[in-house]
Amino acid sequence: MSQVEYEDKPESGDKDRSEFVRYWLNAIDAATKAEEDWRKEADGAVNVYRGDKDADNVFARSREFNIFHSNIETTLPAIYNSTPVPDVRRRFGDKDGVARVISQLLERNLSYAVDSYDFDETMRTALFDASVAGRGVIRVRYKPYFTEMQPEMGEAYPEEPEAAEGVANTAQPEINEVLSYEEVSCEYVPWKRFRMGPADEWSGVPWIAFEHLLSRGELKKLAGNKKAYATSLDCKIGGEPAGPDDESQAPASDITRRARVWEIWDREEGKVIFVAPGYSNEPLLEEDDPLGLEGFFPIPRPIQWINTPGNMVPVCPYSIYRSLVEELNEITFRIKRLVRQIRVRGGYAGGQSDINSLAMADDGELVPFANLEMLLADDGDINKMLLWWPIEPQVKALAQLYQQREQVKQTIYEVTGISDIVRGASKASETATAQEIKNQWGSLRIQKMQQEVQRFARDLFRLKAEIIATKFQPETVMMIAGMQLLPQAQKQALQGQMQMMQQQGPQPGQPGQQPPQAPQLPPEMEKALKEPSFEEVFGVMQSDLMRAYRVDIESDSTVRGDLTRNQKAMSDFLSGTAQYIAAVGPAVQAGQMDAQVALLS
């Protein structure tokens, strides 16, 4: 990793905003240079996986035997094969009614948030980036939706201010709009479009940045008409820089051109800044912390299989065993050439052909060979009338090459951990004990990767839960969860009415008629009366500190170990209790032991 110089950040009150933009563009360039070697290796690894014909010469031979593609397709299903399920519970398991209701609200909202879009595809794409390139990133987005209000008769809305027309992270309502719905989702971030500031560990990262390629219309929504038309469209749709002869301001070019925009989350200042190389006068947009997350960043710690303490630059997994892959491909290349040489061909007497014609003959072809009768003894044996091209050396060499290729493959499997997955594969004819042993053995090497995936999913759930608890309107939270909480005043009023009706009792009816029953509340209202009040629940849920004290947010995979231990402890307790009762029961029945003594023992 090369040493990169970072400039001092300009003061926030500096009037020269162009200097502020230049600082951030230079910081992003420095972060790119710091990861330059890794990015080149990652690009090459992607080309190897795809088998692209236009791959660099360094990786071109890796397409002879694409074991890298096979390894990725084998590893990914082993580390992520089912959708994680959110598990929200009371942190200490005590009888805390408020924490119980908060857990139910958050768990149901998270469950719906996972089902409302293709969460699995987002996770698989990020895990693919981590396995091929070395880093996987997913961001969490909060999306409010607004509906337009119709003015009442004789009223008119004031004119809209000349401010920014939209924000990429938290949409702002227009003056005549009201919030109608909210959702939180996960969004895949390509590894090529992510940068972060220098740090030794994730907790010390000062800023992160996302690259966007925006059209003219998207620029208008982000920064308004004035800045949008002043920003040059400096790249193509795929992100490649535009050529110098292109007219970036020409309206006809807007269809195929984009503006490169960087969305920077500055944790030190608590701001989100949008800057573009094509507009250096000032930031396109600058806003205070839009989500209010405890960790500020809208992403969990990126997923990386290979971590080096004190160095946040990823390592491309392919580079770990690249030399072995090159050796495997060299062997495969030689095998292909030898197979082409093994052709049954020969010559017979007659004609003017030479030894070169015989060597170039096709499979099964006989070539008339000049002066062959002088080379072979004529004793009536037809085999001595023909000259067969020798293939025994090639056959022996092929056998050795096939054996060597299997040894190299096995070495690659040992290095990557694929061998453990193969060892863990069981057969239907095996006993349950044998299958359990194989499953345990097969997960030893990939267990670390599985735990990292579980951590990543859990952190995504926690970010979503934090947004749901602090940004969602209480009505939205209860609507999604299908639960109804009553305000404290309404609960007190209903409880007072219930007490009055109970004190008055049923009034006697006419002779021969059943006495009228006391009025009953609807079942959902009775249930809501038993639950904590609206203020109690959302007062705790909207406080980051109180919520963290009383509620724990996990996924099903991260709590599976605790559940297994609890189940085993309960099973052992029941088994021991049954054995104890079987031992002391006859003594109690026979009067040899007092029942109270048996219970206290």
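Using a Förster radius of 22 Å, what is the FRET efficiency between Y229 and T147 based on their Cβ-Cβ separation? Nearest 0.05, please.
For Y229 and T147, the calculated efficiency is 0.15.
Length gain on complete extension for the stretch I255 to L529, per 0.36 nm per residue less the alpha carbon to alpha carbon distance?
Length gained, I255 through L529: 92.7 nm.
Please sort 392-403, 538-549 by packing, taking for each peptide the average over its residues of neighbouring beta carbons within 10 angstrom, highest first.
538-549, 392-403
Express in nm, to one decimal, how much length is gained between L338 and Q400 on full extension, taking 0.36 nm for each residue of separation and deducting their alpha carbon distance.
Residue separation times 0.36 nm, minus the Cα-Cα distance, leaves 21.1 nm.
How many nm is it between the label spots at A578 and Q473, if each spot is 7 Å from the Cα in line with the beta carbon?
5.5
A short reminder: the numbers here are calculations on the coordinates, not readings from a lab. All of these numbers come straight from a predicted model, not from anything done at the bench. Don't worry about glycine lacking a Cβ; one is built from the backbone with ideal geometry, like all the others, and counts go over all protein chains shown.
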